[in-house]
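Written out below as structure tokens is the structure these notes cover.
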Amino acid sequence: SLRPVEKLRTTSETVQCETLDSLIPVDLNVSLLKLDIEGAEYEALQGGTRTVGTNRPAVICELSEPMQNRFGHSLSDLLAYFTARNYAVYQVNDSNESPGQPLLSPSDSAHPAIPLLAAANTNVLFWPTERSLPNLVDAPP
């Protein structure tokens with residue numbers, strides 16, 4: 001992890017970090033980002049504003065309030081990032097069900113999904129509202 005985990009013995013190592021925008025060529029069409037970075041999602045997205053703004057990819061990640069807090073941010077910061085860019089938020093589960101109704105839409109003035117998301121680690125899909133959400137249940141394997 002990029003930050004120490006409370007009550008665990010850890011060691012540190014210096015590593016070079018790159019931004020998403022520096023790694024993803026301008027002419028590459030990105031339709032999906034999968035972020036699994038233990039609470040550093042907000043930081044990664046700050047370094048990917050061109051990619052997110054230009055390509056409008058779907059973004060899948062696991063959210064956890066304590067993990068966001070380790071990096072000095074909250075779920076509210078991450079939700080505000082996406083709603084400001086007209087993304088809806090869907091919970092992703094292990095069943096074969098389509099995501100259904102969004103937990104949060106850009107038109108929501110408050111963030112009603114925060115209590116649900118803060119309760120546990122939750123897998124979410126951030127989906128650009130100008131794109132139709134595909135029916136994942138009937139999709140071929």
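The values are calculated or read from the model by the stated rules, or taken from the named source; none is laboratory data. Note that the coordinates shown come from a computational prediction; the quantities given were computed from them, not determined experimentally. Ideal geometry is used to build each Cβ from the backbone, glycine not excepted, and the neighbour counts take in all protein chains shown. Just the protein is used for accessible areas: all its heavy atoms, side chains included, with ligands, DNA and RNA removed. Shrake-Rupley method; radii C 1.70, N 1.55, O 1.52, S 1.80 Å.
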Residue check, TYR90 against (1) under 16 Å from ASN123 (Cα atoms); (2) hydroxyl-bearing (Ser, Thr, Tyr); (3) surrounded by fewer than 16 Cβ atoms within 10 Å (Cβ to Cβ), all met but one. Which one? (3)
Using the structure shown, decide if ASN96 is modelled with pLDDT under 85, of a type in the set (S, T, N, Q) and either open to solvent by 80 Å² or more (accessible area, probe 1.4 Å) or within 13 Å of the chain's Cα centre (by Cα) (or both). yes
Take GLY72 and decide whether it is without any contact (Cβ under 8 Å) to a residue 24 or more places away in the chain and open to solvent by 40 Å² or more (accessible area, probe 1.4 Å). yes
Any residue in segment 40-54 that is open to solvent by 20 Å² or more (accessible area, probe 1.4 Å), touching a Pro at 6+ places or on another chain (Cβ under 9 Å) and either modelled with pLDDT of 85 or more or at negative phi (or both)? no
Evaluate the following for LEU32: is it in contact with a Pro (Cβ under 8 Å, 6 or more places away or on another chain), at pLDDT 85 or above and aliphatic (A, V, I, L, M)? yes
Please determine, by comparing only the residues of segment 18-27 that are in contact (Cβ under 8 Å) with a residue 12 or more places away in the chain and surrounded by 10 or more Cβ atoms within 10 Å (Cβ to Cβ), which one is farthest from VAL59 (Cα to Cα). SER22
Among all residue pairs at least 6 apart or on different chains, which show Cβ distances below 8 Å where the first residue, located in segment 33-44, is farther than 20 Å from ALA84 by Cβ and the second is open to solvent by 60 Å² or more (accessible area, probe 1.4 Å) and part of a strand (DSSP E or B)? ASP36/GLU62
Return only the number of the condition from (1) farther than 16 Å from ASN121 by Cα; (2) open to solvent by less than 50 Å² (accessible area, probe 1.4 Å); (3) in a helix (DSSP H, G or I) that VAL30 does not satisfy. (3)
